[in-house]
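Working notes, structure below.
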Ligand SMILES: Cc1ncc(COP(=O)(O)O)c(C=O)c1O
């Protein structure tokens, strides 16, 4: 075989820096993993039961392409209640296979070949790849700890070219735990308006915030019209394995996403849609219980890392701490590898999340409190040796 069967854009994709790491972790014993980006909680019982009832009741068929109307209606009411944004459930909401699919749809629906999407980094590992797969060009704009990982408006402005089509923001952020302030959002909004850009706002962790309020980008004056809001159930409701999320956007934009979804996915899993409806109706107390526990762990890990000489920005959302590890006298890749091999603690090098991650590692605190305590002891031993 002399011919390259795979498309150039696929061959050129970098393997995820996270997966590589987990392949190593999977071969080791007694590892405390602070590497995982998903809740350690199982899905709350009432949600689980709704899924079981759905299956047992014979809901084993396709749903409408956009998802069950009852779920879309409930979601519209939920978004209006929480953020005051109005989406018509008939034509402005699409139930997807997680935010992962919604991202894929959004990029493929809006991008012409070579159009640019500005992506503040560090960010979720799939963003750049999704843009490339859709034929676009990702333009990374690093954010910095001294700004609380907030995007600098002047850096955003400087990244804009005649080919810029969209900005892809994420709040709360994976991996930094940063939450975009209203003030920075207003700056982003001003620039988006000035250059007539679409804003794709990934708000998957919206309900996991600590001491601050989540601002829904589409709720800013004039932004609803140009925003594709992405959200879901994976993190808030501990439902990663169910594979359900959504995209909400003005009908003219949403119909593009729906067309691709119709031909590629058909409809999101029916069981998961029924469980997601229960999550919206009765999930709030469970979310609050998990949020309080994440907050307790957050204070433990952030305080612990800081006291070990690893300066850690105070994350206000999601479930990640993002310490600067330069005091260990090595780069983030070496730190993650040595810490895993010598102390059996798994963290993810910050550069897996793009520029701006140099000298940082991501520590997930979606892990039991006692395990975080043990991990901190192990990191202390590590820092005694290298710090
Ligand atoms: C910021 C962000 N967006 C999207 C996703 C994908 O989530 P989903 O399970 O909804 O596909 C993740 C998962 O880690 C994430 O952190």
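What are the residue pairs meeting all of these: first residue in the range 88-106, first residue over 10 Å from residue 246 (Cα atoms) and touching a residue at least 24 places away in the same chain (Cβ under 8 Å), second residue more than 12 Å from the ligand (Cβ to nearest atom) and not in a strand (DSSP E or B), Cβ atoms under 6 Å, and 6 or more apart or on different chains?
91/251; 92/251; 92/254; 105/257; 105/260; 105/261
Scan the range 149-160 and give yes if some residue there is within 16 Å of the ligand (Cβ to nearest atom), surrounded by fewer than 22 Cβ atoms within 10 Å (Cβ to Cβ) and either part of a strand (DSSP E or B) or touching a residue at least 24 places away in the same chain (Cβ under 8 Å) (or both), otherwise no.
Looking for residues that are within 16 Å of the ligand (Cβ to nearest atom), surrounded by fewer than 22 Cβ atoms within 10 Å (Cβ to Cβ) and either part of a strand (DSSP E or B) or touching a residue at least 24 places away in the same chain (Cβ under 8 Å) (or both), one finds none in the range 149-160, hence no.
Can you list the helices (runs of 4 or more DSSP H) lying wholly within the range 16-92 that have 2 or more residues being at pLDDT 95 or above?
In the range 16-92, the matching helices (runs of 4 or more DSSP H) lie at 45-56, 69-83.
Check 177, 135 and return the single one that is outside any helix (DSSP H, G or I), touching a residue at least 60 places away in the same chain (Cβ under 8 Å) and in contact with a strand residue (DSSP E or B) (Cβ under 9 Å, 6 or more places away or on another chain).
177
Identify all residues within the range 111-129 that are outside any loop (DSSP other than H, G, I, E, B), more than 10 Å from the ligand (Cβ to nearest atom) and touching a helix residue (DSSP H, G or I) at 6+ places or on another chain (Cβ under 7 Å); write none if there are none.
Listed by number, the residues that qualify are 117, 118, 119, 121.
Which of (1) within 20 Å of residue 316 (Cα to Cα); (2) away from the ligand (no atom under 14 Å from the Cβ); (3) in contact (Cβ under 8 Å) with a residue 60 or more places away in the chain does residue 231 not meet, given it meets every other one?
(2)
Which residue is nearest to the ligand (Cβ to nearest atom), if the candidates are limited to the range 198-227 and must be in a strand (DSSP E or B) and more than 28 Å from residue 285 (Cα to Cα)?
Among them, the one singled out is 200.
Out of everything in the range 32-48 that is surrounded by fewer than 17 Cβ atoms within 10 Å (Cβ to Cβ) and in contact (Cβ under 8 Å) with a residue 12 or more places away in the chain, what residue ends up being nearest to residue 281 (Cα to Cα)?
Out of the qualifying residues, it is 46.
When the range 362-387 is examined, which residues are found to be within 16 Å of residue 338 (Cβ to Cβ) and either part of a helix (DSSP H, G or I) or more than 26 Å from the chain's Cα centre (by Cα) (or both)?
Answer for the range 362-387, where residues must be within 16 Å of residue 338 (Cβ to Cβ) and either part of a helix (DSSP H, G or I) or more than 26 Å from the chain's Cα centre (by Cα) (or both): 375, 378, 379, 380, 381, 382, 383, 384, 385, 386, 387.
Are any residues in the range 315-352 in a loop (DSSP other than H, G, I, E, B) and either touching a residue at least 60 places away in the same chain (Cβ under 8 Å) or surrounded by 24 or more Cβ atoms within 10 Å (Cβ to Cβ) (or both), and if so, which ones?
The answer is 315, 316, 318, 319, 322, 325, 344, 347.
The values are calculated or read from the model by the stated rules, or taken from the named source; none is laboratory data. If you're wondering where the values come from, they're calculated on a predicted model, not measured in any experiment. A quick note on method: Cβ atoms are made from the backbone with ideal geometry, for glycine too, and the neighbour counts reach across all protein chains shown.
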